[in-house]
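To start, the structure under review is shown below, and the notes come after it.
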Amino acid sequence: MNHQQQFLKDSELKAFDKDHRKKINFNINKYLNTVVKGKDQYANLELAKQRAAYLKWKTLENLDKYLIEFESNFTARGGKVIWANNAEEANKEILKVLQSVNAKSAVKSKSMTTEELDLNEFLEKNQIEPIETDLGEYIVQLAGEKPYHIVTPAMHKSKEDVAELFHEKLGTPIDAPPEELTLVARRKLRGKYTSAEVGITGANFLIADTGAIAITENEGNARLTITFPKIHIAIVGIEKMIPSMNDLSLFWPLLATHGTGQNVTVYNSIINGARSEDEPDGPEEMYVVLLDNGRSKILSDPTLRSSLACIRCGACLNVCPVYKNIGGHTYDTTYSGPIGSVISPHYRGLEDFKHLSHASSLCGNCSEVCPVKIPIHNLLLYNRKKAVDEDLVKNSEKWMWYFWKKSMLNRKWMNRGSSGMKNFFLKQALKKSWGKRRVNPQIAKKSFNQMWQER
């Protein structure tokens with residue numbers, strides 16, 4: 001079964017799973033109601049979004065310059081930069097660092113780039129224990145799952161699901177309340193911070209003018225991941241660059257408001273290297289892995305380039321009618337929802353994942369809520385066109401559109417044959433794509449043109 005067939009199968013299962021839809025709609029609606037309140041902090045939200053869009057455009061147009069500036073400033077403070085073209089290179093270099101200190105475990109804060117690398121699985125194969133410290137990530141790790149949502153990894157689970165999972169894995173009471181479960185997770189993780197040799201994080205932003213990374217979070221686990229272990233490794237996509245530290249005053253509130261509805265998240269950290277002699281804590285060594293993994297390919301396309309402006313707030317997922325029906329795991333990609341459907345085919349291969357660009361109603365909600373004004377629904381259409389231009393569609397589909405176009409441009413062709421014959425061929429053509437729960441449109445016995453001639 002190929003990716004498209006699996007996607008259609010999983011979509012049908014999830015779309016008609018009432019329990020799943022109840023959970024995801026409950027959790028997403030909580031977010032949406034909070035985001036509405038969070039936007040009240042702006043006197044002119046549209047202006048802030050326009051400024052953010054311009055700054056990201058400016059950065060992407062000069063990304064080579066900013067990457068070199070970042071590396072120069074970061075290494076000047078003793079940091080080490082690793083350039084990785086793909087996941088294999090990144091994992092290989094990360095493993096070298098861990099093996100240099102004979103690491104047996106590594107604590108991790110929430111990071112979608114590590115999911116992109118399948119880093120947990122890679123470390124386990126090399127006898128190194130990866131420990132997720134974000135509560136949502138910890139939950140899905142215990143469940144043996146991948147993150148469901150780019151901001152809220154365990155969005156698909158109710159508090160009862162989590163209580164059952166903790167009861168099974170950690171021996172807590174089956175009816176334990178969320179507060180007790182949180183304390184249990186905290187106690188389990190505290191010892192891991194002090195024993196782990198390496199801490200691994202992502203970063204929300206790379207800051208060119210200071211050679212620093214910026215991390216935003218609500219639990220404080222990222223700070224502990226950075227502070228306790230002797231080595232800190234940050235894995236960051238090259239597109240996360242912003243020109244100046246001053247730009248954080250624009251991007252941090254936008255990310256918090258659109259991601260969680262907060263004015264700003266609880267913990268915001270700027271890290272520009274290993275600890276200096278006069279600092280009481282922090283890592284002895286710090287590495288930043290600058291990850292490409294398909295981003296340069298997107299950057300080289302002037303139309304797709306704007307998708308790299310994404311700040312991973314998850315707002316487009318929360319308003320997408322398709323995502324709210326089929327959920328995050330159905331996409332089978334690190335990045336799901338509308339923005340994932342734009343970029344994932346270029347990270348994972350357009351031939352295998354072109355179907356994701358069709359998993360959209362093109363309602364435009366995603367583009368409307370985007371804090372950096374990415375025209376997501378237009379890029380989904382562009383991906384569809386690109387798949388056709390690269391000859392990645394089936395011959396049967398080509399012939400269908402060929403005859404459809406020929407008929408639409410020729411009235412005599414349109415009027416040929418009976419309505420019964422036309423309905424038969426239409427039923428056959430839409431048998432798989434239209435779905436078994438929808439009734440095929442019926443072609444009338446006479447076209448409007450024919451009735452007009454007979455009047």
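The values are calculated or read from the model by the stated rules, or taken from the named source; none is laboratory data. Everything quoted here is computed from the prediction, not taken from an experiment. Cβ coordinates were reconstructed from backbone atoms using ideal geometry, including for glycine residues, and neighbour counts include every protein chain displayed.
Could you tell me which residue of region 142-165 is farthest from residue 226 (Cα to Cα), considering only residues that are assigned to a loop (DSSP other than H, G, I, E, B) and of a type in the set (A, V, I, L, M, F, W, C)? Explain how you work it out, then say what you get.
Taking region 142-165 and keeping what is assigned to a loop (DSSP other than H, G, I, E, B), we get 144-158.
Filter once more, keeping what is of a type in the set (A, V, I, L, M, F, W, C): 150-151, 154-155.
Details: 150: 21, 151: 20, 154: 23, 155: 26 Å.
Per the criteria, the residue is 155.
Which one of 313, 363 is in contact (Cβ under 8 Å) with a residue 12 or more places away in the chain and touching a Gly at 6+ places or on another chain (Cβ under 6 Å)? Steps first, answer last, please.
Details: 363 fails: touching a Gly at 6+ places or on another chain (Cβ under 6 Å).
Within the list 313, 363, the selection yields 313.
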Report task. Go through region 101-141 and give me each residue that's in contact with a helix residue (DSSP H, G or I) (Cβ under 9 Å, 6 or more places away or on another chain) and part of a loop (DSSP other than H, G, I, E, B). Result -> 103, 104, 109, 110, 111, 117, 118, 126, 128, 133, 134
Query raised in the report: (1) closer than 29 Å to residue 91 by Cα; (2) outside any helix (DSSP H, G or I): which one isn't true of residue 172, the others all being true?
Result: (1)
Query raised in the report: Has region 419-432 got at least one residue that is charged (D, E, K, R) and assigned to a helix (DSSP H, G or I)?
Result: yes
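Quick one: which residue in 75, 59 is surrounded by 15 or more Cβ atoms within 10 Å (Cβ to Cβ), assigned to a helix (DSSP H, G or I), assigned by TED's automatic domain parsing to the domain that holds residue 243 and of a type outside the set (Phe, Trp, Tyr)?
59
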Requested in this report: Would you check if residue 203 is among the small types (Gly, Ala, Ser), under 26 Å from the mean Cα position of the chain (by Cα), at negative phi and part of a loop (DSSP other than H, G, I, E, B)?
Outcome: yes
Report task. Would you check if there is a residue in region 128-140 being more than 20 Å from the chain's Cα centre (by Cα) and over 23 Å from residue 229 (Cα atoms)? Result -> no
Query - Residue count for region 34-48, restricted to those that are over 20 Å from the mean Cα position of the chain (by Cα) and in contact (Cβ under 8 Å) with a residue 24 or more places away in the chain - result: 8
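Restricting attention to region 250-259, does a residue exist that is of a type in the set (Ser, Thr, Tyr) and surrounded by fewer than 19 Cβ atoms within 10 Å (Cβ to Cβ)? Steps first, please.
Initial filter on region 250-259 (of a type in the set (Ser, Thr, Tyr)): 257.
With the extra rule that they be surrounded by fewer than 19 Cβ atoms within 10 Å (Cβ to Cβ), the set shrinks to none.
So far as region 250-259 goes, no, none of its residues is of a type in the set (Ser, Thr, Tyr) and surrounded by fewer than 19 Cβ atoms within 10 Å (Cβ to Cβ).
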Requested in this report: Could you tell me which residue of region 330-359 is surrounded by the most Cβ atoms within 10 Å (Cβ to Cβ), considering only residues that are aromatic (Phe, Trp, Tyr) and within 18 Å of residue 305 (Cα to Cα)?
Outcome: 335
Query raised in the report: Here are some residues: 26, 16, 7. Which one is of a type in the set (A, V, I, L, M, F, W, C) and surrounded by 13 or more Cβ atoms within 10 Å (Cβ to Cβ)?
Result: 7
